[in-house]
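Written out below as structure tokens is the structure these notes cover.
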Amino acid sequence: MSHFFTPLINAFKVKELKDKLLFTALILVVFRFIAHIPTPGVDSTQLQALFSQNQFLGLLDIFSGGTLANFSILALGLTPYINASIIMQLLTMVFPKLEELSKEGESGREQINQYTRFLTVPLSIIQSFGMVALLRSQGIITGLSFLELIAIIITMATGTLFVMWLGELISEYGIGNGISMLIFAGIVGQLPVSLFQTASLTQAENITNMLVFFALSLVVIAAVVVVNEGTRQVKIQYARRITGRRFAGGQTTHLPLRVNQAGVIPIIFAVSLVLLPSLVGRFLATVPEPRIANAATTATLWFTPGSLIYNLTYFVLVIGFTYFYTAVVFNPEKIADEIKKYGGFIPGIRPGKPTAGYLSHILSRITLAGALFLGLIAILPSLAQQFTNIQTLTIGGTGILIVVSVVLETTKQLESMLVMRNYDAFLK
């Protein structure tokens with residue numbers, strides 16, 4: 001804990017870093033304030049009652065940062081932007097021009113970010129319409145005229161674009177990654193509500209279950225820190241070269257391969273797919289065709305959050321997407337070429353393709369450990385609720401993983417800024 005507070009305290013002693021921290025805090029306060037402004041035309045009382053009774057919708061509310069239960073103007077949160085980012089990453093692998101653009105440095109990344117913003121607009125409109133259709137099928141939204149429907153969709157889509165703008169402001173003028181910081185604020189903002197609901201509903205005989213739940217949370221936080229920081233150090237030796245009358249090279253360094261190379265992205269991929277059958281099933285369960293309605297009802301029951309099929313499918317999808325995304329972000333052949341280019345080699349391994357094969361072999365083994373860990377984290381809420389019988393504490397392993405990852409990354413950024421400032425002061 002002191003590892004986190006020490007750079008934070010030192011940062012407040014530097015005016016530039018203090019301004020960045022205060023700016024970030026101000027944006028987060030604005031985000032949480034606007035998150036409580038409801039969208040017009042929705043009965044918030046019925047909506048909250050529906051979310052409290054439906055585990056599926058409660059899970060969606062967690063991923064929106066608590067803005068969906070009161071159907072605020074930020075109800076969609078950053079989901080359309082995250083989906084647009086995922087689509088752009090996949091398109092970069094498919095289209096050579098986008099791949100070349102991603103290798104052009106800062107200007108290329110900025111162009112891809114611009115395409116991501118453009119793609120966010122239609123995705124937010126489509127998801128707004130889908131959310132309104134879902135709530136209409138549940139009887140929450142009734143009697144809307146065409147203009148009122150358009151107004152709600154435009155309001156929700158505009159809310160997503162506003163949150164995206166807040167995230168970019170944090171990234172440019174504040175501390176940390178803006179999108180991650182806003183997701184972090186949404187999850188943390190839900191925690192007091194969950195604790196209050198648990199305290200008000202808990203009977204004396206459930207105190208033991210609460211203690212077990214909090215003990216489990218501490219174990220999960222420790223495990224997330226260990227796995228998130230865990231790396232396999234691959235030794236790299238550089239050959240000695242003669243430059244003029246001097247010897248250059250000959251150093252030994254290490255290539256760190258992270259156990260959790262993909263971060264939380266596989267869980268976001270997997271949850272988008274595993275929730276799809278239940279979402280479509282609820283929408284199609286009201287159609288007049290009996291066979292379609294029965295099939296939709298069966299799919300809804302099978303893929304209800306907490307069911308055996310849901311958890312197994314979720315677990316397998318997380319493992320699959322972990323390997324997929326690791327292959328996207330880490331290219332062994334490219335790394336091997338870079339090592340060879342600068343005269344490096346792995347002791348006992350020939351440069352070039354043998355090095356790439358060796359790195360792929362190591363990466364596949366440590367990725368398995370990371371994938372199994374992410375899969376367990378993903379289904380942890382269902383396991384914890386069944387074990388402790390506490391249904392109100394719904395912030396599970398995924399939320400903890402995001403919170404701990406954001407705290408660690410922000411701490412590292414603060415430390416690097418402090419080191420850079422001390423280094424600049426030394427040069428002066």
Accessible-area order for R365, R258, R350, largest to smallest, probe 1.4 angstrom, reads R350, R365, R258
Counting other C-beta atoms within 10 Å, and keeping those with at most 12, which DSSP coil chymotrypsin sites (Phe, Trp or Tyr not before Pro) do you find in segment 323-364? Y342
I want the local charge near L161. Using Cβ-Cβ distances under 15 Å, sum +1 for each Lys or Arg and -1 for each Asp or Glu among the other residues. 0
Tell me, what does the Kirkwood hydrodynamic radius of segment 250-338 come to in angstroms if you use every pair of distinct C-alpha atoms? 15.7 Å
Under a 1.4 Å probe, counting only protein heavy atoms, E100 has an accessible area in Å², nearest 10, of 120 Å²
In what sequence, highest mean first, do 215-225, 166-176 appear when ranked by Cβ atoms within 10 angstrom? 166-176, 215-225
For R232, list long-range residues whose amide hydrogen, built 1.01 Å from N in the peptide plane, is under 5 Å from its own amide hydrogen. L257, R258, V259
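The values are calculated or read from the model by the stated rules, or taken from the named source; none is laboratory data. Only a predicted model underlies this, so the values are computations on that prediction, with no experimental measurement involved. No Cβ is skipped: glycine too gets one built from the backbone with ideal geometry, and neighbour counts run over all protein chains shown. SASA here: full protein model, heavy atoms, side chains in, ligands and nucleic acids out. Shrake-Rupley method; radii C 1.70, N 1.55, O 1.52, S 1.80 Å.
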